[in-house]
Amino acid sequence: MTTVLTNCKRIVVKVGSSLVTNQGAGLDTHAIGNWAQQIAALRKSGYEVVLVSSGAIAEGMQRLGWKQRPNAVHELQAAAAVGQMGLVQVYESCFRKHGLHAAQVLLTHADLADRERYLNARSTLRTLLSLGVIPVINENDTVVTDEIKFGDNDTLGALVANLIEADALIILTDQPGLYTTDPRTDSQATLVTVGQAGDEKLEAMAGGAGSHIGRGGMLTKILAAKRAARSGAHTVIASGHEAEVLPRLMQGVSIGTLLTASALSLDARKQWLADHLQVSGKVVLDKGAVRALCADGKSLLPIGVTEVIGDFKRGAVVAILDENRHDIAHGLINYSAAEATRIARHASHEIEAILGYVDEPELIHRDNLVLL
Ligand code: GLU
């Protein structure tokens with residue numbers, strides 16, 4: 001038993017493609033009906049539940065009679081368009097049996113990267129929850145290209161958890177949870193029952209392999225837990241086949257892997273900055289600037305920037321890289337790429353002489369910067 005989840009009220013439940021489609025064999029209406037019944041029971045007890053469901057592409061492939069997952073993006077998009085119809089149809093009828101309305105919400109990364117659309121999505125989801133409706137979210141696969149993709153629904157689940165400030169993200173999959181090593185090849189592998197979200201040791205345990213049905217593997221789930229923890233959400237990775245998994249988890253029964261978030265969470269605006277998966281540009285820092293940012297909590301000054309990459313406008317979200325080009329922070333930049341290139345390596349008091357004006361002495365102010 002654990003008390004971590006017993007106080008949670010708002011939860012995001014993510015179900016993976018292989019679960020929803022019975023390993024690609026077609027929508028598993030029985031299993032979906034089961035989760036719907038569990039969600040309905042939680043709703044009755046006062047929980048707010050958002051469902052993130054994969055399975056559109058897998059179901060589309062099944063309906064179109066495709067045996068192999070295509071590589072061409074337009075074919076994947078076509079499959080998603082066909083399959084999404086089936087998904088929402090089943091969710092709608094399953095929730096209806098419990099007197100609940102479901103609502104389809106299809107999101108792209110661009111929806112969450114744009115501050116206004118992000119706030120709109122948030123208020124719509126909150127309104128749906130206050131109306132007692134179960135939002136069923138998927139990526140809007142038919143319009144996204146590789147550059148603007150969330151990529152997998154584990155990441156989408158984490159971003160939705162941050163968006164609505166959920167207390168917990170429950171990732172249901174076809175595995176019992178995270179193992180110390182790959183249980184298929186190592187008989188000594190043991191289930192990790194509890195860990196700290198963001199602990200790098202977990203990433204090594206998770207490896208990289210995904211299934212041939214969905215996009216995410218165990219690693220994307222571990223990274224999703226790290227992401228969700230930024231807004232204070234705890235994550236559970238558990239088997240969707242476990243009986244009454246959702247209500248039992250919320251009662252504190254230990255099932256699968258629980259990855260706890262630390263008490264400190266980012267404020268909503270900083271989370272939004274951190275959740276930009278694609279950024280307009282990058283700035284590379286020298287050692288001194290990295291120290292100023294990471295150890296001393298300072299703003300980023302132009303003098304510490306060795307390189308400016310990409311084309312961006314003032315106010316864009318950029319990635320901040322250390323000397324080894326690791327992504328260490330995100331921030332809203334005060335100068336365009338052309339201006340930043342000119343003032344890089346210069347002291348702030350020189351900005352006026354170089355550009356003919358000064359907008360701000362900092363390239364990125366501390367208030368607009370989040371360490372990753
Ligand atoms: N959005 C994709 C679908 O519904 C799933 C991505 C994933 O498997 O994580 O098919």
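Hey, can you tell me all the residues within region 45-85 that are away from the ligand (no atom under 11 Å from the Cβ) and within 20 Å of Ala31 (Cα to Cα)?
Val49, Val50, Leu51, Gln62, Arg63, Met85
Anything in region 279-297 that is surrounded by 19 or more Cβ atoms within 10 Å (Cβ to Cβ) and assigned to a strand (DSSP E or B)? List them, or say none.
Once the filter is applied, which keeps residues that are surrounded by 19 or more Cβ atoms within 10 Å (Cβ to Cβ) and assigned to a strand (DSSP E or B), region 279-297 yields Val283, Val284, Leu285.
Would you mind stating whether Val82 is at pLDDT 95 or above and in contact with a His (Cβ under 7 Å, 6 or more places away or on another chain)?
Taking the combined requirement at face value, the residue does not satisfy it.
Determine which single condition Arg117 fails, assuming it passes every other condition in (1) within 16 Å of the ligand (Cβ to nearest atom); (2) farther than 26 Å from Lys44 by Cα; (3) surrounded by fewer than 17 Cβ atoms within 10 Å (Cβ to Cβ); (4) under 20 Å from the mean Cα position of the chain (by Cα).
(1)
Among the strands (runs of 3 or more DSSP E) lying completely within region 156-268, list those that include at least 2 residues that are within 16 Å of the ligand (Cβ to nearest atom) and modelled with pLDDT of 95 or more.
168-173, 234-239
Quick one: Asp275 ticks every box in (1) in contact (Cβ under 8 Å) with a residue 40 or more places away in the chain; (2) closer than 17 Å to Leu332 by Cβ; (3) touching a strand residue (DSSP E or B) at 6+ places or on another chain (Cβ under 8 Å) bar one, so which box is it?
(3)
Please find, among Leu125, Leu100, Leu129, the residue that is modelled with pLDDT of 95 or more and assigned to a loop (DSSP other than H, G, I, E, B).
Among Leu125, Leu100, Leu129, only Leu100 is modelled with pLDDT of 95 or more and assigned to a loop (DSSP other than H, G, I, E, B).
For region 26-50, which residues satisfy the criterion of being in contact with a Pro (Cβ under 7 Å, 6 or more places away or on another chain) and aliphatic (A, V, I, L, M)?
Ala41, Leu42, Val50
Can you run down the residue pairs with Cβ atoms below 9 Å, 6 or more apart or on separate chains, where the first is in region 147-174 and at positive phi and the partner is away from the ligand (no atom under 15 Å from the Cβ) and not in a loop (DSSP other than H, G, I, E, B)?
That search, which allows pairs on different chains as well, returns Glu165/Arg10; Glu165/Arg122; Glu165/Ala268; Glu165/Gln271.
Given the structure, is Val105 of a type in the set (Val, Ile, Thr), part of a loop (DSSP other than H, G, I, E, B) and either within 13 Å of the ligand (Cβ to nearest atom) or over 17 Å from the mean Cα position of the chain (by Cα) (or both)?
Details: of a type in the set (Val, Ile, Thr): yes; part of a loop (DSSP other than H, G, I, E, B): no; either within 13 Å of the ligand (Cβ to nearest atom) or over 17 Å from the mean Cα position of the chain (by Cα) (or both): yes.
No; evaluated as a whole, the condition is false for this residue.
So Arg10 fits all but one of (1) at pLDDT 95 or above; (2) within 16 Å of the ligand (Cβ to nearest atom); what number is the exception?
Looking at each condition in turn, Arg10 falls short on (2).
(1) part of a helix (DSSP H, G or I); (2) away from the ligand (no atom under 16 Å from the Cβ); (3) within 20 Å of Ala238 (Cα to Cα): which one isn't true of Phe95, the others all being true?
(3)
Output the number of the condition that Asn140 fails; it satisfies all remaining conditions of (1) away from the ligand (no atom under 13 Å from the Cβ); (2) within 29 Å of Arg63 (Cα to Cα); (3) surrounded by 18 or more Cβ atoms within 10 Å (Cβ to Cβ).
(1)
Determine the pairs where a residue that is in contact (Cβ under 8 Å) with a residue 60 or more places away in the chain and over 21 Å from Glu92 (Cα atoms), located within region 115-143, has a partner that is among the aromatic types (Phe, Trp, Tyr) and away from the ligand (no atom under 16 Å from the Cβ) with Cβ atoms under 7 Å apart, the partner being 6 or more residues away or on another chain.
The qualifying pairs are Arg115/Trp272; Tyr118/Trp272.
Let me confirm something: among Ile333, Ile320, Ile354, Ile343, which residue is in contact (Cβ under 8 Å) with a residue 40 or more places away in the chain and either surrounded by fewer than 16 Cβ atoms within 10 Å (Cβ to Cβ) or over 30 Å from Gly151 (Cα atoms) (or both)?
That would be Ile343, the only listed residue that is in contact (Cβ under 8 Å) with a residue 40 or more places away in the chain and either surrounded by fewer than 16 Cβ atoms within 10 Å (Cβ to Cβ) or over 30 Å from Gly151 (Cα atoms) (or both).
The values are calculated or read from the model by the stated rules, or taken from the named source; none is laboratory data. Just so you know, these numbers come straight off a predicted model, no measurement behind them. When we count neighbours, we look across all protein chains shown, and the Cβ atoms used for this are built from the backbone with ideal geometry, even at glycine.
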